[in-house]
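Report on the structure given below.
The values are calculated or read from the model by the stated rules, or taken from the named source; none is laboratory data. Treat the numbers as computed from the prediction; the structure is a model and nothing was measured. Heads up, the Cβs are rebuilt from the backbone with ideal geometry, glycines too, and the neighbour counts pull from every protein chain shown. Please note that ligands, DNA and RNA were not included when accessible areas were found on the heavy atoms of the full protein model with its side chains. Shrake-Rupley method; radii C 1.70, N 1.55, O 1.52, S 1.80 Å.
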Amino acid sequence: MSAGAARLARIDLHTHSTASDGLFSPTELVRRASEAGLTLIGLTDHDTTNGVAEAQAAGAPLGVTVIPGVEINTDLPEGQGEAHVLGYYLDVNQPAFQATLAFLRDAREKRGERMVQQLREQGFDIEWSRVRELAKGTVGRPHVARALIDAGYATDVSDAFARYLTRGKAGYVPRFKLSPEQAIQLIRSAQGAPVLAHPAGIVGLSETVLPTLVQAGLLGLECYYGQYDDETVARLLALANAHDLIPTGGSDYHGPNIHPTRLGGRWVPPETVERLRQASEKLRAEPPTTFTLPEASY
Ligand code: AMP
Ligand code: ZN
Ligand code: FE
Ligand code: FE
């Protein structure tokens, strides 16, 4: 093979579209991925796979493969931070899996409405209808942030989060979340490979969190993430190695000016894709597992 033909596959396994809180539609995201020279992306929208079919259709003529993915945000015990669980190579056609995602999105909807109500009670002139219009799919705080920016209460999304939308601030309302273990089980029930996202900031990662999540069926660790420096990547790779987890990575692209890493801005080893695919294949060959929401959730 000539040097010219040995073009590096460029992949980005962590991206968001308007199916959740990304700024670009699945079609536009894939177009930009192609423009950036990517040949494969994982579409990992929050609590939904609804952008996957559109992204795959847009990717086919451009030579961009789209892996069906998801991101489920969960909380760790107080003070340890959050565990965001990514899933890859999901079977998006499983009714029970989709019903649970729909439940999570519905809980977000109710929480979004409560956030707006709470802000209005404190004199903020924003409308739920505007938030709903900004959210083309899964509603999140970023959409409330955009409504606050539109109304002149904040300069950008980070500013809106810092001033109004984080715990203890005027607009904050908690929402129903699965536990990290439940998120892993949910993803496995759709034969997806569960991966712990951007884990560097988690308190107790190596001591308690990883051993527990590996026990629950975690299969990967996002090591090549966003702006992580070499030292952080090396520390995470050592942990992935110690627990026999697939090291994954990506940009967490949501659109310009949201996270600092551009689409495809983080190198990810090409063999990652094959390892995730094989992990999912293996789950498909095993007896199916089920995930049931605990009744107390309703
Ligand atoms: P939610 O899912 O509604 O709880 O909102 C969380 C999402 O908002 C995360 O997944 C990020 O995409 C985004 N986010 C969280 N914190 C910030 C921040 N400080 N600035 C911008 N976006 C943020
Ligand atoms: Zn997001
Ligand atoms: Fe995340
Ligand atoms: Fe993300």
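Quick notes
- The chain, relative contact order in percent, only Cα pairs under 8 angstrom and at least six apart counted: 21 percent
- Computed FRET value (nearest 0.05) for residue 234 with residue 75, which takes r as the C-beta separation and R₀ as 25 Å: 0.35
- Among 142, 269, 174: highest mean-square fluctuation, GNM of the chain, C-alpha pairs under 10 Å: 174
- Helix axis angle, 95-121 relative to the chain longest principal axis, alpha carbon, degrees: 30 degrees
- Within straight-line reach of residue 169, meaning a Cα separation under 25 Å, sit the following lysines at least 8 residues removed in sequence or on another chain: 110, 177.
- Tilt relative to the chain, helix 180-189 - C-alpha long axis, 0 to 90 degrees, to 10: 60 degrees
- Label zone (residue 120, point 7 Å along Cα-to-C-beta; backbone nitrogen cut-off 13 Å) within the range 132-160: 132.
- 0 to 90° range, to nearest 10: angle between helix 141-150 axis and the chain longest Cα axis: 50 degrees
- Using heavy atoms of the protein chains and a probe of 1.4 Å, the accessible area assigned to residue 25 is about 40 Å².
- Kirkwood Rh, Cα atoms: Rg over Rh of the range 128-252: 1.05
- Length available on full extension from residue 35 to residue 208: 0.36 nm per residue minus the Cα-Cα distance, which gives 58.1 nm.
- Scattering profile of the range 112-165 at q = 0.12, 0.14, 0.20 Å⁻¹ [log10 I(q)/I(0), Debye over alpha-carbon scatterers]: -0.20, -0.28, -0.59
- Size of the range 179-298 from its Cα atoms: along the principal axes, largest to smallest, the extents are 40, 32, 32 Å.
- For a straight C-alpha distance cut-off of 19 angstrom, the aspartates and glutamates reachable from residue 282 (same-chain residues fewer than eight places away being disregarded) are 91, 244, 271, 274.
- Mean shadow area of the chain over all directions, Cα convex hull, nm²: 16.5 nm²
- Sequence of 88, 224 from largest to smallest accessible area, 1.4 Å probe: 224, 88
- Euclidean distance between Cα centres, the range 156-195 to the range 200-217, Å: 17 Å
- Annotation: amide H-H contacts under 5 Å for residue 70 (H modelled 1.01 Å from N, sequence separation of 5 or more, or interchain): 87.
- Gyration tensor (alpha-carbon) shape descriptor, the range 28-146, a/c threshold 1.5: prolate
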